[in-house]
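J.: Please see the structure below; I have some questions.
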Amino acid sequence: LSETVFLSKTGKSGNTFQMKLFSPLGEIDFASHAIIAAAFVLAANGRLVLNNTYTPVIFQLNSGEVQANVTSTDGKPDFVQFTRTVSPVVDYFAPSEAELASFLGIDAAYIDNKKYATRLVSCGVPYLIVPTFYYETLREAKFDFAAWSQSIAPQTAAQEFLLVSPKTPAQDTDFAVRLLGPNIGAHEDPPVGSAIPALAAYLCSFDHLQKGTYTFAVERGTEDMRRSILNLEMDHKGEDTLTLRVGGEAVKVSEGTMFIPEV
């Protein structure tokens, strides 16, 4: 599992829950997909009463409060969307295309340096975002730890690399993305929710994207490997802060009970 979520009801009235997020490496402050999954589980288990078409829920994270809305039909959750405002930092310093190609296991000629460019983006956690011309390049990439350790990439402080392709095999998505890195297994294709704010800030960092509100569908995985779609809506105003709305659907895969002994 990429993340584990612990929820507890707070003393506040209404649908307010404290959320603790953990990855295999320790506690983390934010993950878009975890927020969507948590709201879905609360609604599906009856912890949220879905009397209206839209039911609000507030999560208290280490990074601050996040308000989400659960859309429902006939008392069953359909879609979850939350709003977040971030203060992104964009750095133009990046490894050369030859270095990127060596530790990502791709052809340097397939790295997009025309419409986009590799940039380091942080909204709390730094990601080195690498654009590719083709979807196949993104899927065929394989992280090479030895090549990475010998490049200048470790100096960027980014431990995860987000490969982005504007070409996808599906008509219902605008971008395909995939995370690679030294702490990600060779055969893993982890959720990308934590990187969505950085992706939004990355897209806004290019001059060809005019100011305005944009909506994108971002896909991860493949049809036979847990394909998922996150819907991103962002308000590009050219300011130091960026407001975005992230939404998606969730599916219950398994269910269990944990018994905690009394101390």
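J.: Given the residues Leu180, Leu163, Leu209, Leu199, which is the only one that is surrounded by 21 or more Cβ atoms within 10 Å (Cβ to Cβ) and within 19 Å of Glu233 (Cα to Cα)? Please lay out each step first, then the result.
T.: Working: Leu180 fails: within 19 Å of Glu233 (Cα to Cα); Leu163 fails: within 19 Å of Glu233 (Cα to Cα); Leu209 fails: surrounded by 21 or more Cβ atoms within 10 Å (Cβ to Cβ).
Just one listed residue meets the conditions, Leu199.
J.: State yes or no: is Lys114 charged (D, E, K, R) and farther than 23 Å from Thr215 by Cα?
T.: Details: charged (D, E, K, R): yes; farther than 23 Å from Thr215 by Cα: no.
Considered against the rule, which asks whether it is charged (D, E, K, R) and farther than 23 Å from Thr215 by Cα, Lys114 comes out as no.
J.: Further question: Assuming Gly105 fulfils every condition listed in (1) surrounded by 20 or more Cβ atoms within 10 Å (Cβ to Cβ); (2) among the small types (Gly, Ala, Ser); (3) within 21 Å of Gly221 (Cα to Cα) apart from one, which condition is it?
T.: (1)
J.: Which pairs have Cβ atoms under 6 Å, sit 6 or more apart or on different chains, and link a residue in segment 136-152 that is crowded, with 18+ Cβ neighbours inside 10 Å to one that is among the hydroxyl-bearing types (Ser, Thr, Tyr)?
T.: Close Cβ pairs satisfying both conditions: Thr137/Tyr110; Leu138/Thr132; Leu138/Ser165.
Here is a yes/no grid of residues against (1) outside any loop (DSSP other than H, G, I, E, B); (2) in the same structural domain as Leu104 (by TED's automatic domain parsing); (3) at pLDDT 90 or above:
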residue: Leu179; (1), (2), (3): yes, yes, yes
residue: Asp189; (1), (2), (3): no, yes, no
residue: Gln210; (1), (2), (3): no, yes, yes
residue: Thr215; (1), (2), (3): yes, yes, yes
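J.: Output the residue which, of all residues in segment 1-20 that are farther than 16 Å from Pro56 by Cβ and modelled with pLDDT under 80, is surrounded by the most Cβ atoms within 10 Å (Cβ to Cβ).
T.: Ser2
J.: Which strands (runs of 3 or more DSSP E) does segment 34-150 wholly contain that include 1 or more residues that are small (Gly, Ala, Ser)? Spell out the reasoning first.
T.: Values: elements: 54-61, 64-73, 76-86, 89-91, 119-122, 126-131.
Output list reads 64-73, 119-122.
J.: Of all residues in segment 59-86, which are more than 19 Å from the chain's Cα centre (by Cα) and either farther than 16 Å from Gly247 by Cβ or of a type in the set (S, T, N, Q) (or both)?
T.: Answer for segment 59-86, where residues must be more than 19 Å from the chain's Cα centre (by Cα) and either farther than 16 Å from Gly247 by Cβ or of a type in the set (S, T, N, Q) (or both): Thr71, Ser72, Thr73, Asp74, Gly75, Lys76.
J.: Mind counting the residues in segment 182-211 that are touching a strand residue (DSSP E or B) at 6+ places or on another chain (Cβ under 6 Å) and either on the phi > 0 side of the Ramachandran plot or of a type outside the set (Val, Ile, Thr) (or both)?
T.: Our first condition is that a residue be touching a strand residue (DSSP E or B) at 6+ places or on another chain (Cβ under 6 Å); within segment 182-211, this holds for 189-190, 192, 195-198, 200-202, 204-205, 211.
Now narrow it down to the ones that are either on the phi > 0 side of the Ramachandran plot or of a type outside the set (Val, Ile, Thr) (or both): 189-190, 195, 197-198, 200-202, 204-205, 211.
The number of residues fulfilling the criteria is 11.
J.: Related question: For segment 21-33, name all the residues that are in a loop (DSSP other than H, G, I, E, B) and surrounded by fewer than 16 Cβ atoms within 10 Å (Cβ to Cβ).
T.: If we filter segment 21-33 for residues that are in a loop (DSSP other than H, G, I, E, B), which is where we start, we get 24-25, 29-31.
Selection gives Pro24, Leu25, Asp29.
The values are calculated or read from the model by the stated rules, or taken from the named source; none is laboratory data. Keep in mind that this is a model prediction, so the values were computed, not measured. Using ideal geometry, Cβ is built from the backbone for each residue, glycine included, and neighbour counts are taken over all protein chains shown.
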